[in-house]
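This report refers to the structure that appears directly beneath it.
The values are calculated or read from the model by the stated rules, or taken from the named source; none is laboratory data. Keep in mind that this is a model prediction, so the values were computed, not measured. All Cβ positions, even for glycine, are placed from backbone atoms using ideal geometry, and neighbour counts span all protein chains on display.
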Amino acid sequence: MVPDAEFTSYYGRPVVKASPWEADIPAYLFLGGLAGGSSLLAAGADLTGLPRQRRSARLVASAAIGGSLYALVHDLGRPARFHHMLRVAKVTSPMSVGTWILSAYGPFNALATGSELLGFMPGPVRNSRLGRLLGFAGRPGGLIAALIAPAVASYTAVLLTDTATPTWHAAQRELPFVFVGSAAAASGGMGLVAGPLGESGPARNLAVGGAVLELGASRIMQHSMGITAEPLRQGTAGTLHTAATALTAAGAAGAVAGRRSRIASALSGLALTAGSACTRFAIFHAGQASARDPRYTVVPQRERREGRSS
Amino acid sequence: MGRSFFSPGTGDTGTAPFDPARDAGHTDPPPRKGFFTDTSVCIGCKACEVACKEWNAVPEDGIALTGMSYDNTGGLGGSTWRHVAFIEQQLPAPAPDGGRPDTVDLGMPTATLPGADPEHREHADFRWLMESDVCKHCTHAACLDVCPTGALFRTEFGTVVVQDDICNGCGYCVPACPYGVIDRRDGPAGDPAVGLAQKCTLCYDRLSDGMEPACAKACPTQSIQFGDLDELRERAQGRLDMLVESGETTAQLYGHDPDNGVGGTGAFFLLLDEPEVYGLPPDPVVTTKDLPGMWRQAAFAAAALLGGAAAAFIGGKGGRR
Ligand code: SF4
Ligand code: SF4
Ligand code: SF4
């Protein structure tokens, strides 16, 4: 354990401001990851001829991205002004970059899902000009969405690390890997829940690989963060983080061991998805806590300054 | 659009100093304006806080006491654009050999000028520090960099201002500011700026009319000095030298250095103790300085996900395993 660093502050008041964000934002991070991973799963299933896995993954992707957009807009102080996001494009603003990534991803994803929903429509709709066009556009739409999907899953890490929030900023090297691992675990997990057992191989691989990446990257991350890793082990964030680790590990083990059982697969998938959600909420809360305690701002900065002057 | 990206090493020797207004596309801007706040003469009257609220119609932010000192506002926020910090300091009794100087007197009424009586000075083991804090109007401003709507912009005076009619309240600027300045206004109900990011505008409207900011005008001790940044930096150095010479060895300038993590601030301070004592970060860095590396990591991670997904299909083609 790091020894208690001596530091002074102004009556213990925060130095930097915690973000004004609420549960919407971690939900948005989680759903974005789920959508991105699911699009990849759907595209792969499409190309390798797993129609039922493809269908469920496309539906999951659309539901997730819809939910994620709703959460994003809902969190704005002035939701009616959402369209101002489209006024500018700035690489210095991860939120601006993200908005444009989502704007590119959304329509292609919708095409893929639209062609999938066509299957539930009556014949005349399917055979109409528009219906045939949509059916035709499903595959290219899904493939393009899948190419953008990794960006959807990873930019959210930059959204957090490009802040003065100590715990988020200090995680800048590894957090994108934690997030894509978490995205793969969640989407693979949902693939196990929603897809048929007979087509579950790739989803299982994705889920287990993602879980391993998430757990591994998270360990490395905590080692490299110094004292700003502490908030991940305390309070709400600590509880969520423990839950995330346990659910992800158990889910991955269950997905391997229970691969012949429909029920075991589905339960493992649920655990992985829940673990991914807990990971996002844990990181979110740890950051908020680190901003509220001046120690995490002052001590590392003093060390940096002293390191420079000596 | 997307300007003002942190350009490290703007101090390429021999070139003109970095000019944020020009960088933001203002042709022929006036000299950069800013504040030099000399905390050694601040008496904590809070006239600046009040003047700021009056001129800018900033609502009150709760009149409850924080219970920790005479400071009832606690820090900068959506409804506190100027904030006067009060620090009560218990100093160790001066050592016989002089030890730590205690040139700041309690200011209790005496027959002589405060601090002029050497008898009295010997016994002071206690001092009050006061500092009127404000947005730093950073040369490389993280708030401005991360704003996804362009609501935050760089004025021709080199300052940073929020446009109320553009801000969507996303709140991204709030955790981005390394000084914890900007915040979303959360009340009172009916205030037109509720839900929007708010902070000091360096009285943009007054500056445009050739006036000085309301807070500087109201300051009775000239603790808050407004003017051309270059000239203020010189003046500050002179004042610092004087204080150090007279024995105030912990006095220091804060934020003035163009080589610091934010490229120098437009509002800088003369402090009598370490920055963190006043609630200021000791070594702030504009968050976007590390952004290229962050995007690179995210790109690697995205590639890993794409590759991993492809591998998942190669490994488990179709059916159950
Ligand atoms: S102090 Fe904060 S709010 Fe002010 S310009 Fe700098 S980054 Fe922006
Ligand atoms: S809250 Fe307003 S000013 Fe701040 S980043 Fe969002 S849009 Fe820009
Ligand atoms: S410059 Fe104007 S807006 Fe800024 S603190 Fe002073 S009075 Fe308030």
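When the residues of the stretch B:208-230 are filtered to those that are within 19 Å of the chain's Cα centre (by Cα) and aliphatic (A, V, I, L, M), the one that is nearest to B:M130 (Cα to Cα) is B:I224.
So that you can scan it fast, the table gives a plain yes or no per residue for (1) touching a residue at least 40 places away in the same chain (Cβ under 8 Å); (2) assigned to a helix (DSSP H, G or I); (3) within 18 Å of A:G37 (Cβ to Cβ):
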residue	(1), (2), (3)
A:G210	yes, yes, yes
A:L232	yes, yes, no
A:A237	yes, yes, no
A:A243	no, yes, no
A:A250	no, yes, no
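Being surrounded by fewer than 23 Cβ atoms within 10 Å (Cβ to Cβ), under 28 Å from A:G191 (Cα atoms) and at pLDDT below 95 is true of A:R259. Only one entry in A:A282, A:A286, A:A291 is of a type outside the set (D, E, K, R), buried (at least 24 other Cβ atoms within 10 Å of the Cβ), part of a helix (DSSP H, G or I) and in contact with a Lys or Arg (Cβ under 8 Å, 6 or more places away or on another chain), namely A:A291. Residues that are within 12 Å of another protein chain (Cβ to nearest Cβ) and crowded, with 20+ Cβ neighbours inside 10 Å were ranked within the stretch A:52-74; the one that is nearest to B:G171 (Cα to Cα) is A:L72.
Hey, which of the strands (runs of 3 or more DSSP E) in the stretch B:199-276, taking only ones fully inside, have at least 2 residues that are farther than 23 Å from A:S9 by Cα?
Passing ranges, in order: B:224-228.
Each residue in the stretch B:42-70 was checked for being at pLDDT 85 or above, assigned to a loop (DSSP other than H, G, I, E, B) and touching a strand residue (DSSP E or B) at 6+ places or on another chain (Cβ under 9 Å), and 6 of them qualify. Cβ-Cβ contacts under 6 Å between residues 6 or more apart (or on different chains), taken from a first residue in the stretch B:255-271 that is in contact (Cβ under 8 Å) with a residue 24 or more places away in the chain and within 14 Å of chain A (Cβ to nearest Cβ) to a second residue that is within 16 Å of ligand 2 (Cβ to nearest atom) and outside any loop (DSSP other than H, G, I, E, B), are listed as B:V262/B:C138. Taking the conditions exactly as written (within 27 Å of B:A302 (Cα to Cα) and either modelled with pLDDT under 95 or within 12 Å of chain B (Cβ to nearest Cβ) (or both)), does A:S276 satisfy them or not? In short, no. Output yes when any residue across the stretch A:146-163 is within 16 Å of ligand 1 (Cβ to nearest atom), within 14 Å of chain B (Cβ to nearest Cβ) and either under 30 Å from A:R304 (Cβ atoms) or crowded, with 23+ Cβ neighbours inside 10 Å (or both), and no when none is. There is at least one residue in the stretch A:146-163 that is within 16 Å of ligand 1 (Cβ to nearest atom), within 14 Å of chain B (Cβ to nearest Cβ) and either under 30 Å from A:R304 (Cβ atoms) or crowded, with 23+ Cβ neighbours inside 10 Å (or both).
Where residues in the stretch B:125-138 are within 11 Å of the chain's Cα centre (by Cα) and assigned to a loop (DSSP other than H, G, I, E, B), which of them is farthest from the other protein chains (Cβ to nearest Cβ)? By that ranking, first place goes to B:H137. For B:D186, the conditions (1) within 16 Å of ligand 1 (Cβ to nearest atom); (2) within 14 Å of chain A (Cβ to nearest Cβ) all hold with the exception of (1).
With the condition kept exactly as written, say whether any residue in the stretch A:129-143 is part of a helix (DSSP H, G or I), of a type in the set (F, W, Y) and either facing chain B (nearest Cβ under 8 Å) or within 23 Å of A:T279 (Cα to Cα) (or both). Looking through the stretch A:129-143, none of the residues is part of a helix (DSSP H, G or I), of a type in the set (F, W, Y) and either facing chain B (nearest Cβ under 8 Å) or within 23 Å of A:T279 (Cα to Cα) (or both). Candidates are the residues of the stretch B:46-88 that are more than 14 Å from chain A (Cβ to nearest Cβ) and more than 16 Å from ligand 3 (Cβ to nearest atom); the one that is surrounded by the most Cβ atoms within 10 Å (Cβ to Cβ) is B:G62. The numbered conditions (1) over 21 Å from B:V174 (Cβ atoms); (2) at pLDDT 95 or above are all true for A:V97 except (1).
Summed over the stretch B:189-207, residues that are under 21 Å from B:D133 (Cα atoms) and more than 14 Å from chain A (Cβ to nearest Cβ) total 8.
Determine whether A:V193 is part of a helix (DSSP H, G or I), closer than 18 Å to A:L34 by Cα and at the interface with another protein chain (Cβ under 10 Å from one of its Cβ atoms).
Spelling it out, it is not the case that A:V193 is part of a helix (DSSP H, G or I), closer than 18 Å to A:L34 by Cα and at the interface with another protein chain (Cβ under 10 Å from one of its Cβ atoms).
Which residue is farthest from B:V174 (Cα to Cα), if the candidates are limited to the stretch A:262-310 and must be of a type in the set (S, T, Y) and without any contact (Cβ under 8 Å) to a residue 60 or more places away in the chain? Only one residue tops the list, namely A:S310. Considering only the stretch B:165-180, how many residues are within 12 Å of ligand 1 (Cβ to nearest atom) and at the interface with chain A (Cβ under 8 Å from one of its Cβ atoms)? Summing the residues that are within 12 Å of ligand 1 (Cβ to nearest atom) and at the interface with chain A (Cβ under 8 Å from one of its Cβ atoms) in the stretch B:165-180 gives 8. Taken over the stretch B:140-183, residues that are within 16 Å of ligand 3 (Cβ to nearest atom), assigned to a loop (DSSP other than H, G, I, E, B) and either without any contact (Cβ under 8 Å) to a residue 24 or more places away in the chain or within 18 Å of the chain's Cα centre (by Cα) (or both) amount to 11.
The rows are residues; the columns are (1) under 30 Å from A:E303 (Cα atoms); (2) within 12 Å of chain B (Cβ to nearest Cβ); (3) surrounded by fewer than 18 Cβ atoms within 10 Å (Cβ to Cβ).
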| position | (1), (2), (3) |
| --- | --- |
| A:R13 | yes, yes, yes |
| A:K17 | yes, yes, no |
| A:I25 | no, yes, no |
| A:Y28 | no, yes, no |
| A:G37 | no, yes, no |
| A:L86 | no, yes, yes |
| A:G98 | no, yes, no |
| A:I101 | no, yes, no |
| A:A104 | no, no, yes |
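Every condition in (1) outside any loop (DSSP other than H, G, I, E, B); (2) of a type in the set (V, I, T); (3) under 30 Å from A:I101 (Cβ atoms) is met by B:V285 except one, and the failing one is (1).
Of all residues in the stretch A:180-220, those being within 14 Å of A:A274 (Cα to Cα) and either modelled with pLDDT under 95 or among the aromatic types (F, W, Y) (or both) number 0. The set of residues in the stretch A:295-310 being among the charged types (D, E, K, R), facing chain B (nearest Cβ under 7 Å) and either within 30 Å of the chain's Cα centre (by Cα) or within 18 Å of B:T287 (Cβ to Cβ) (or both) consists of A:R304, A:R305.
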